[in-house]
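The values are calculated or read from the model by the stated rules, or taken from the named source; none is laboratory data. If you're wondering where the values come from, they're calculated on a predicted model, not measured in any experiment. Cβ placement follows ideal geometry from the backbone for every residue including glycine, while neighbour counts extend to all protein chains displayed.
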Amino acid sequence: MISDGTRGAPAIEVQDLRQSYGDFEAVRGISFQVQPGELFALLGTNGAGKTTTIEVLEGFSAPTGGAVKVLGHDPFKERARVRARTGLMLQEGGFFGDLTVDETVRFWRDVSPRKPHSAVEILERVELADKAGVRVRQLSGGQKRRLDLALATLAQPEVLFLDEPTTGMDPEARRNTWTLIRDLVAAGTTVLLTTHYLEEAEQLASRLAIMHAGRIELSGTVAEVVAAHGHSIRFQHPAQVAARHLPVLGGVQPQVERGTVEYRLSPDPVDTQQALARLLAWASEHRLVLTRLEVRSASLEDVFLEVAHGA
């Protein structure tokens, strides 16, 4: 149940959220909470409903069904109370291309409801101080994303919404941005992050949820989500053995694709060890050398792809 915003309440609360556009239901009854000072990552394929969820939480539209609260308030009905305490970085910023970077920051700073850092400090934090005199339209895509981040964080928000924040950035800028985001979280900022970079979620998120077709399919810490998907044994398919003659390991049939044999096993390490022992005994019995043999835990990418493909 949505709380009343009293002390100790979650910073973000989503209860059975539904959002429709005509006959299309973009978000189909999702629920989650984000605690103060936590970074929560919302993952999913294009069209999963991530950006729609953020737009509702930012108060751009009222939900079709369910309820949301940010800092204890309805972001649509009480937008003035919420907006002053939040920051937002959308997938595309609405800049005035003929303003310089410095002029853009100073304009946003002048209309900020709080007393933020100086324009110089803000640009130094996102490594754009050397671009202060450059017109915004002359910036690269990655530099514009860093300017977006500067504007989203200049008022020191209590809650920060980051929608694909590092798209277009080079690897160094992306990692520097991660450091900035970590610093914000360490200072107490609550962050809701959407990203297509799974490594980004692994590096930054306290918890995450994976959406597909408007619903949350999985949620928890990275370790919890990955552990639930078990282990796998892989090796190169021996040319002299037909696929139908490969062994069954612990009741699991092999999957053969592009010359690789894979067994997807349970999360129990005992099951995996027994399956490996059975496989090695079978290979020895048939005098086979299993090339590229590996035993590995599921990765976040494995889990994401299973959800995306409806597995």
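The table below gives the values:
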| read-out | value |
| --- | --- |
| Subset tally (residues that are surrounded by fewer than 17 Cβ atoms within 10 Å (Cβ to Cβ) and in contact (Cβ under 8 Å) with a residue 12 or more places away in the chain) for the stretch 95-107 | 6 |
| Any hit, the stretch 257-274, residues being among the acidic types (Asp, Glu), in contact (Cβ under 8 Å) with a residue 60 or more places away in the chain and surrounded by 13 or more Cβ atoms within 10 Å (Cβ to Cβ) | no |
| Scan of the stretch 185-231 for residues that are β-branched (Val, Ile, Thr) and either assigned to a helix (DSSP H, G or I) or under 28 Å from GLU262 (Cα atoms) (or both), ordered by number | VAL185, ILE210, ILE216, THR221, VAL222, VAL225, VAL226 |
| Test: PRO113 is crowded, with 16+ Cβ neighbours inside 10 Å and more than 26 Å from GLU202 (Cα to Cα) | no |
| Set GLU92, GLU121: member being in a helix (DSSP H, G or I), of a type outside the set (Lys, Arg), exposed (fewer than 14 other Cβ atoms within 10 Å of the Cβ) and free of Cβ contacts under 8 Å to residues at least 24 places away in the same chain | GLU121 |
| HIS212 surrounded by 15 or more Cβ atoms within 10 Å (Cβ to Cβ) and not hydrophobic (A, V, I, L, M, F, W, C) | yes |
| Top-ranked residue in the stretch 232-254 [being assigned to a loop (DSSP other than H, G, I, E, B) and touching a Phe, Trp or Tyr at 6+ places or on another chain (Cβ under 7 Å); ranked as surrounded by the most Cβ atoms within 10 Å (Cβ to Cβ)] | PRO254 |
| Long-range neighbours under 7 Å by Cβ, at least six apart or interchain, first residue on the phi > 0 side of the Ramachandran plot within the stretch 66-86, second in a helix (DSSP H, G or I) and buried (at least 16 other Cβ atoms within 10 Å of the Cβ) | LEU71/VAL82 |
| Residue list for the stretch 127-175, restricted to those being of a type in the set (S, T, N, Q) and either at pLDDT below 90 or closer than 21 Å to THR100 by Cα (or both) | GLN138, SER140, GLN143, THR153, GLN156, THR167 |
| Filter result (out of contact with any helix residue (DSSP H, G or I) (no Cβ under 7 Å at 6 or more places or on another chain) and under 29 Å from ALA173 (Cα atoms)) within the stretch 202-230 | SER206, ARG207, ALA209, SER219, GLY220, THR221, ALA223 |
| Residues located in the stretch 255-291, provided they are farther than 25 Å from GLU224 by Cα and either assigned to a loop (DSSP other than H, G, I, E, B) or in contact with a Ser or Thr (Cβ under 8 Å, 6 or more places away or on another chain) (or both) | ARG258, GLY259, HIS286, ARG287, LEU288, VAL289, LEU290, THR291 |
| Criterion violated by ARG83 - all others in (1) farther than 21 Å from ALA201 by Cβ; (2) modelled with pLDDT under 95; (3) surrounded by 21 or more Cβ atoms within 10 Å (Cβ to Cβ) satisfied | (3) |
| When residues of the stretch 127-165 are limited to those that are among the charged types (D, E, K, R) and in a loop (DSSP other than H, G, I, E, B), the one surrounded by the fewest Cβ atoms within 10 Å (Cβ to Cβ) | GLU127 |
| Count of the stretch 175-197 residues which are surrounded by fewer than 20 Cβ atoms within 10 Å (Cβ to Cβ) and either under 10 Å from the mean Cα position of the chain (by Cα) or over 16 Å from THR153 (Cβ atoms) (or both) | 3 |
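Yes/no matrix, rows are residues, columns are (1) touching a Lys or Arg at 6+ places or on another chain (Cβ under 7 Å); (2) in the same structural domain as ARG83 (by TED's automatic domain parsing); (3) within 23 Å of SER112 (Cα to Cα); (4) touching a residue at least 12 places away in the same chain (Cβ under 8 Å):
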position	(1), (2), (3), (4)
ALA152	no, yes, yes, yes
GLN156	yes, yes, yes, yes
THR167	yes, yes, no, yes
ASN176	no, yes, no, yes
LEU192	no, yes, yes, yes
TYR197	no, yes, no, yes
